[in-house]
Amino acid sequence: MPPLSHPVRFLLVALAGWINQQQREVIEYLQAENRVLREQLGPRRLRFTDDQRIRLAAKAKHLRRRILREIGSIVSPDTLLAWHRQLIARKYHGHQRRGPGRPPVMAEIRQLVVRIATENRDWGDTRIQGALANLGHHVGRGTIATILRQHGIEPAPERLKRTTWPEFLYAHWDVLAAADFFSVEVWTATGLTRYPVLFVIELATRRIQMAGIASERDSAWVSQCSRQLTDAVDGFLAGKRFLLHDRDPLFSDAFRETLAATGVEPVRLPARSPNLNAFAERFVRTIKESCLNRMILFGEGSLRRAVREFVGHDHFERNHQGLGNVLICPAAVQTTASSVMSVLVAS
């Protein structure tokens, strides 16, 4: 290629200088525009989409940090370089080729582990592992420990240091009973009168005994009810060793002494703890929602009749979910249910 002449060379240099000057003016204008836009935005932080980050990072790749700082871009050089590194990492990311990993433990096995640990508080991870193997489930000790920890169950040595209230009840199930009061508003000749009702529930069978109904409750009336409940011949508390009750003042010293004389130990529950006497509290809710709150009662006789008939219904006709959804009195005694109901109503 022949060398360029001086006039042509001069023209090319002039043209290159003119183009360079045009590019500088464009850059200065874009810088001024960026500054105006940043002043308009103020302290607000810009939010970029992934596509915008990719475009800015790809362009910033060819520029140096000094140039990026001089042009005063809306993003700092460190941020642009970080986006560029993320763009490179995304290129070699292999998440689509990865497998699903280790499968989780089946929900059935998790429930079984929690149930075994709850019902057998002195069983450690190894013993639970053996029990699961007997059922055909092979689970590691570490997996069992993780499941128990996720459900808030402590290791076996720690679980043995505490006895829960349900465990105490189940351990003394057959010798436990609970007593409680509930009140009913009844229309009488003097207007609405509140009648207290004292009842006792046998926890193992859920049988109910109405101990007494009176227009005025006092400690003497409660003591008389306790003597009837502990009668040696047909007392409802015969064979029982513990009677749970709250801190109602009517459960006086005389009441507790009468129980203790017959071998029944009264257990006073802590204040403001209705869950500790949950079976009695549940019966109060049941009899009120299913019977008493749906009736307008006139006189003490109507209250007694309503309570007696509901207790008969509760024993012979109502299925109890806490007993496996069966009747308190099974089918073998259903033939005598009608006669018992007639005696209850007549009395």
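So which of LEU259, LEU244 is farther than 25 Å from THR164 by Cα and not β-branched (Val, Ile, Thr)? Talk me through it step by step, then tell me what you get.
On the way: LEU244 fails: farther than 25 Å from THR164 by Cα.
The conditions single out LEU259.
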Original post:
Do we find that ILE153 is surrounded by 15 or more Cβ atoms within 10 Å (Cβ to Cβ) and either under 30 Å from ARG55 (Cα atoms) or at pLDDT 85 or above (or both) in this structure?
Top reply: no
Subject >> TYR170 vs. criteria modelled with pLDDT under 90 and at negative phi >> reply: yes
Subject >> Filter result for the condition that a residue is touching a residue at least 12 places away in the same chain (Cβ under 8 Å), surrounded by 19 or more Cβ atoms within 10 Å (Cβ to Cβ) and under 19 Å from ARG268 (Cβ atoms), over LEU176, LEU148 >> reply: LEU176
Subject >> Contacts under 7 angstrom Cβ, first residue in segment 223-245 being within 16 Å of ARG207 (Cα to Cα), partner of a type in the set (Phe, Trp, Tyr), 6 or more apart >> reply: LEU229/PHE236
Original post:
Looking at (1) of a type outside the set (Ser, Thr, Tyr); (2) closer than 27 Å to GLN209 by Cα; (3) touching a residue at least 40 places away in the same chain (Cβ under 8 Å), can you tell me which one LEU169 breaks?
Top reply: (3)
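Going by the conditions given, is ARG102 loosely packed, with under 10 Cβ neighbours inside 10 Å and assigned to a loop (DSSP other than H, G, I, E, B)?
yes
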Original post:
Somewhere in segment 217-234, is a residue outside any helix (DSSP H, G or I), in the same structural domain as HIS320 (by TED's automatic domain parsing) and surrounded by 15 or more Cβ atoms within 10 Å (Cβ to Cβ)?
Top reply: yes
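Is there a residue in segment 197-205 that is closer than 17 Å to ILE296 by Cα, out of contact with any His (no Cβ under 8 Å at 6 or more places or on another chain) and either touching a residue at least 12 places away in the same chain (Cβ under 8 Å) or not small (Gly, Ala, Ser) (or both)? Outline the logic, then answer.
Of segment 197-205, the ones closer than 17 Å to ILE296 by Cα are 197.
Going one step further and asking which of them are out of contact with any His (no Cβ under 8 Å at 6 or more places or on another chain), we end up with 197.
Checking the rest, the ones that are also either touching a residue at least 12 places away in the same chain (Cβ under 8 Å) or not small (Gly, Ala, Ser) (or both) come to 197.
Scanning segment 197-205 turns up at least one residue that is closer than 17 Å to ILE296 by Cα, out of contact with any His (no Cβ under 8 Å at 6 or more places or on another chain) and either touching a residue at least 12 places away in the same chain (Cβ under 8 Å) or not small (Gly, Ala, Ser) (or both).
Only one of LEU135, LEU176 is more than 28 Å from the chain's Cα centre (by Cα), outside the structural domain of ALA280 (by TED's automatic domain parsing) and either within 28 Å of ARG227 (Cβ to Cβ) or among the hydrophobic types (A, V, I, L, M, F, W, C) (or both); which?
On the way: LEU176 fails: outside the structural domain of ALA280 (by TED's automatic domain parsing).
Going through LEU135, LEU176 in turn, the sole match is LEU135.
Against the definition (part of a helix (DSSP H, G or I), over 33 Å from the mean Cα position of the chain (by Cα) and either of a type in the set (A, V, I, L, M, F, W, C) or at pLDDT below 90 (or both)), how does SER302 come out, yes or no?
no
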Original post:
So, of the residues in segment 221-238 that are of a type in the set (Gly, Ala, Ser) and at pLDDT 85 or above, which turns out to be nearest to TRP173 (Cα to Cα)?
Top reply: ALA238
Subject >> Within segment 247-298, tally of residues that are in a loop (DSSP other than H, G, I, E, B), of a type in the set (S, T, N, Q) and crowded, with 16+ Cβ neighbours inside 10 Å >> reply: 2
Subject >> Filter result (under 14 Å from ALA178 (Cα atoms) and touching a helix residue (DSSP H, G or I) at 6+ places or on another chain (Cβ under 9 Å)) within segment 256-269 >> reply: ARG256, LEU259, VAL264, GLU265, PRO266, ARG268, LEU269
Subject >> Counted residues, segment 126-157 - those being part of a helix (DSSP H, G or I) and farther than 14 Å from MET106 by Cα >> reply: 16
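The values are calculated or read from the model by the stated rules, or taken from the named source; none is laboratory data. Here the structure is a predicted model, which means the values were calculated and not measured. Neighbour counts run over all protein chains shown; Cβ positions are idealised from the backbone, glycine included.
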